[in-house]
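This report concerns only the one structure given below.
No lab work stands behind these numbers, since they all come straight from the coordinates. A quick note: this is a predicted structure, and the numbers were derived from the prediction, not measured. Every residue, glycine among them, receives a Cβ derived from its backbone with ideal geometry; neighbour counts consider all protein chains shown.
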């Protein structure tokens, strides 16, 4: 009987241990899946609430040849590990402000957006192509447009509001306006800034003139101020600063498609971002600027643009 009792006790203990092991294993597995699910939900929530700022700055007339000793801020950005750039992008053959900017913000060649004017009047037909401002809205970005040539309001179509401002002034005179205009009321913000300084001085004094070089140094310093202000106000945001131009120039003009007129920079600076944005090797034309911005926005729809082909 003692042997039988002992055997029964061993069976009881073994059964208890087995149940305990099963309970612990089930509990551990349940906790694992709960933790995993929580992490996935947190990742999804973080992605949905990710704060992002994209600033596209068009420096009118600033061809790549002008980047150098007179642009210490821009030149320093080229040395940053989180910068991707090319100084060999080409604007359209009709290297003028209006058609070049339309290519810049539509992602279309001039042949496809079919705009050949460099001035606007009441008889000018409306722009029929969608622009980066439309794509920003599609991707739930609030957008701001600051222009220093009134004719560029054409790029906005019928859009109006306090988020759009045009003042025919130089960069030194409008820094406060930009700072006061752009707000952090949205988690996703797209800002387009046009600065006319270099083009205006080029037409008056000539490209590479001493007067234009001084204006270039002033503009470069103002770019530093602008970026610093954005960094401070949008310190918790993923920030992308894109510096480019519509054309360069030679002599006092730029409309003939000369090499210096067509060669422009595209500089993308990633700050406070999970990964650095890398320009694709095929980025070589001004209309590719649109697809760079759409890439950063993680735009999903397939769009029939020249920059996607």
- Using the Kirkwood formula on alpha carbons, the hydrodynamic radius of the range 182-279 in angstrom works out to 15.4
- Would you compute the Debye intensity of the range 51-308 from its alpha-carbon atoms alone, equal scatterers and no solvent, and pass along log10 I(q)/I(0) at q = 0.09 Å⁻¹ to two decimals? -0.35
- Can you put 231, 239 in order of Cβ neighbours within 10 angstrom, beginning with the fewest? 231, 239
- Task: For a quick protection proxy, order the peptides 256-264, 285-293 by their average other-Cβ count within 10 Å, most packed first.
- Result: 285-293, 256-264
- Message: Please rank 51, 93, 213, fewest neighbouring Cβ atoms within 10 Å first, as an exposure proxy.
- Response: 93, 51, 213
- Message: I want to check the label-to-label distance for residue 122 and residue 78. Put each point 7 Å from Cα in the C-beta direction and report it in nm to one decimal.
- Response: 4.8
- Message: How many angstrom lie between the Cα centre of the range 158-237 and the Cα centre of the range 48-68?
- Response: 10
- Message: For the range 75-123, compute the orientation-averaged projected area of the C-alpha convex hull (one quarter of its surface), in nm².
- Response: 4.9
- How much length is gained on full extension from residue 176 to residue 224, taking 0.36 nm per residue of separation minus their Cα-Cα distance? 15.9 nm
